[in-house]
Amino acid sequence: MKRGLVRSRKGLSPIIASVLLILLVIVLAILIFAWARGFISEQVEKFGQPIDSYCEAVNFEAEIIGPLENAVLEVVNRGDIDIFRLSILMTKGGNSIMRDFDYPIAKGDSISVNWVFLLDELDPSSTPEKIELFPVLVGQVKGQESTKPFTCLDNGKEIAF
């Protein structure tokens, strides 16, 4: 009787090993799929082309006019592409703050806005060391009806004080 139990235990071990191996493969496949999914981003298009190709066509100028306490940020869109908004990167002593300048600028248009509202997170009594403006375009998500903003990080402009 004991011999029969021993034989059944020997047959049980390969089954458990096979099940564990299959579960391990499934878990690894799920992990690899989740990891790879992060690399495959939604493709955003503008006029049927990838939106990053339109970043090169964006042409704008920006300057700060007046003293810092009541300065005005003036942006002129000289390109053929509408700018949805600007992302502003301000750097002071190793601290960086990215803010959105939520004013659309149509092609050939300009806009002037009080600058002080952007400085509230930095030390307002000091001038930022570096200010960069990055245009944000809006495009259609491929295969969907939704739109998505795209920041042109290669087409930034630095403002000097």
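The values are calculated or read from the model by the stated rules, or taken from the named source; none is laboratory data. All of these numbers come straight from a predicted model, not from anything done at the bench. Positions of Cβ are backbone-derived with ideal geometry, glycine not excepted, and every protein chain shown enters the neighbour counts.
Of everything in segment 113-126 that's surrounded by 14 or more Cβ atoms within 10 Å (Cβ to Cβ) and in a loop (DSSP other than H, G, I, E, B), which residue is modelled with the lowest pLDDT?
Leu122
Under 6 Å between Cβ atoms, at least 6 apart or on separate chains: pull out the pairs that start in segment 91-108 with a residue that is free of Cβ contacts under 8 Å to residues at least 12 places away in the same chain and under 26 Å from Asp80 (Cα atoms) and end on any residue that is surrounded by 14 or more Cβ atoms within 10 Å (Cβ to Cβ) and among the aliphatic types (A, V, I, L, M).
Met98/Leu89
So if I check each of Ser53, Ser87, which one is in contact with a Ser or Thr (Cβ under 6 Å, 6 or more places away or on another chain) and hydroxyl-bearing (Ser, Thr, Tyr)?
Ser87
Would you please list the contacts, defined by Cβ atoms under 8 Å and residues six or more apart or on different chains, that run from a residue in segment 51-62 that is free of Cβ contacts under 8 Å to residues at least 40 places away in the same chain to a residue that is part of a loop (DSSP other than H, G, I, E, B) and among the small types (Gly, Ala, Ser)?
Every condition considered, the pairs that remain are Ala57/Gly79; Asn59/Gly79.
Consider Glu69 against the criteria (1) out of contact with any strand residue (DSSP E or B) (no Cβ under 9 Å at 6 or more places or on another chain); (2) among the charged types (D, E, K, R); (3) closer than 20 Å to Lys46 by Cβ: it satisfies all of them except one. Which criterion is unmet?
For Glu69, the exception is condition (3).
Please name all residue pairs, on different chains or six or more residues apart, with Cβ atoms under 8 Å, provided the first residue is in segment 141-161 and is of a type in the set (A, V, I, L, M) and the second residue is assigned to a loop (DSSP other than H, G, I, E, B) and surrounded by 10 or more Cβ atoms within 10 Å (Cβ to Cβ).
Partner pairs satisfying both residue conditions: Val141/Glu42; Val141/Gln43.
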